[in-house]
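Trainee: The structure under discussion is supplied below as structure tokens; questions concerning it will follow.
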Amino acid sequence: QVQLVESGGGLVQTGGSLRLSCAASGRVFSINTMGWYRQAPGKQRELVATITSGGSTNYGDSVKGRFTVSRDNAKNTVYLQMNSLKPEDTAVYYCYASNFRGYWGQGTQVTVSS
């Protein structure tokens, strides 16, 4: 089993920045991909960004050029630096990790005020 604990969400104004962190514990030796998804009220959960253990990244179209995903393999932690935030970025952000199956964190709220 893998446990994921997110931190760093909150309220920010349009154009501001936030940094999310997610620490993994448990059977971390087998984790390959880590990353972030988000879900806004009334919408489906969508990809924000993922990163593999080798450093390959993948971003959702709506965040390209504004968000950066990074990872510290020694700390089993994934980060999401969010810049130039927009009201449409408001959502619950979920940390994700996978080895033989996927795991989800409990989610952290990000609210961008206009």
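The values are calculated or read from the model by the stated rules, or taken from the named source; none is laboratory data. Predicted, not measured: the structure shown is a model, and the values here were computed from it. Cβ placement follows ideal geometry from the backbone for every residue including glycine, while neighbour counts extend to all protein chains displayed. The accessibility values were calculated without ligands, DNA or RNA, using every heavy atom of the protein model including side chains. Shrake-Rupley method; radii C 1.70, N 1.55, O 1.52, S 1.80 Å.
Trainee: In the stretch 71-92, what residues are assigned to a loop (DSSP other than H, G, I, E, B), of a type in the set (A, V, I, L, M) and surrounded by 13 or more Cβ atoms within 10 Å (Cβ to Cβ)? Full working, then the answer.
Mentor: The initial filter retains those residues of the stretch 71-92 that are assigned to a loop (DSSP other than H, G, I, E, B), namely 73-76, 83-86, 90.
Filter again for of a type in the set (A, V, I, L, M), leaving 74, 85.
Across the stretch 71-92, the qualifying residue is only LEU85.
Trainee: Take the residues in the stretch 30-44 that are under 14 Å from TYR103 (Cα atoms) and open to solvent by 50 Å² or more (accessible area, probe 1.4 Å), then tell me which one is modelled with the highest pLDDT.
Mentor: Once the filter is applied, the top-ranked residue is TYR37.
Trainee: How many residues does the stretch 10-40 hold that are farther than 15 Å from VAL69 by Cα, of a type outside the set (Ser, Thr, Tyr) and in a loop (DSSP other than H, G, I, E, B)?
Mentor: Just the residues of the stretch 10-40 that are farther than 15 Å from VAL69 by Cα, to begin with: 10-16, 24-31, 39-40.
Keeping just the survivors that are of a type outside the set (Ser, Thr, Tyr) gives 10-13, 15-16, 24, 26-29, 31, 39-40.
Of the ones still in play, those that are also in a loop (DSSP other than H, G, I, E, B) are 15-16, 27, 31, 40.
Total meeting the criteria: 5.
Trainee: Taking the stretch 17-67, which residues are acidic (Asp, Glu) and touching a Lys or Arg at 6+ places or on another chain (Cβ under 8 Å)?
Mentor: First pass over the stretch 17-67, keeping only residues acidic (Asp, Glu): 46, 61.
Scanning the stretch 17-67 gives a single hit, GLU46.
Trainee: Which of the residues belonging to the stretch 56-114 are touching a residue at least 24 places away in the same chain (Cβ under 8 Å), among the hydroxyl-bearing types (Ser, Thr, Tyr) and either in contact with a helix residue (DSSP H, G or I) (Cβ under 8 Å, 6 or more places away or on another chain) or over 19 Å from GLY8 (Cβ atoms) (or both)? Can you show your working first?
Mentor: The first filter runs over the stretch 56-114 and keeps only residues touching a residue at least 24 places away in the same chain (Cβ under 8 Å), leaving 62-63, 69, 71, 75-100, 103-114.
Remaining after also requiring among the hydroxyl-bearing types (Ser, Thr, Tyr): 62, 77, 79, 84, 90, 93-94, 96, 98, 103, 108, 111, 113-114.
Result: SER62, SER98, SER113, SER114.
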